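Scroll down for the structure; my scribbles are underneath it.
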Amino acid sequence: MKESDVGGEAGKKIARLGIKAVVLEDLPERAGTKVFDNRIESTDPFRVSELKEKHVSETIQLLRKRFGNQVASFALAPQGR
C-alpha cells in the first residue's frame, strides 16, 4: 500500500488527538496481525492472533469486543478482498 486516507469516526477521533499521519515502514521480521493501542505509552504493536485472516468487518467486531464499543479502528484488508 502506498497511501490511504480515512474518514468516519476513526478519522474524527485521530484528528481530535492531533494526529496528522500514521506512517508504517519496513516489513516485520515475522508476518502476523498486530494492533497499536494509543492508550498506552509504548508505540510498539502487539500481536492479536485471533484477528489473523479475518475480514475487516470481523476484525472491527473483535476489536470492539476486546477494547469496548467506543474504539475507533483502522483495518488493512488482505490483498484481493
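Residues checked against (1) surrounded by 10 or more Cβ atoms within 10 Å (Cβ to Cβ); (2) under 20 Å from residue 16 (Cβ atoms); (3) free of Cβ contacts under 8 Å to residues at least 60 places away in the same chain:
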{"residue": "40", "(1), (2), (3)": "no, yes, yes"}
{"residue": "43", "(1), (2), (3)": "no, yes, yes"}
{"residue": "50", "(1), (2), (3)": "yes, no, yes"}
{"residue": "55", "(1), (2), (3)": "yes, no, yes"}
{"residue": "61", "(1), (2), (3)": "yes, no, yes"}
{"residue": "65", "(1), (2), (3)": "yes, no, yes"}
{"residue": "68", "(1), (2), (3)": "no, yes, yes"}
{"residue": "72", "(1), (2), (3)": "yes, yes, no"}
{"residue": "76", "(1), (2), (3)": "yes, no, no"}
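Taking the stretch 28-81 as the range and being part of a loop (DSSP other than H, G, I, E, B) and among the aliphatic types (A, V, I, L, M) as the test, the residues that pass are 31, 40, 48, 71, 72, 75, 76, 77.
Where a number appears in this text, it was derived from the coordinates with a stated rule and is not lab data. Since this is a predicted model, take the numbers as computed values, not measurements. Cβ: placed from backbone, ideal geometry, glycine included. Neighbour counts: every protein chain shown.
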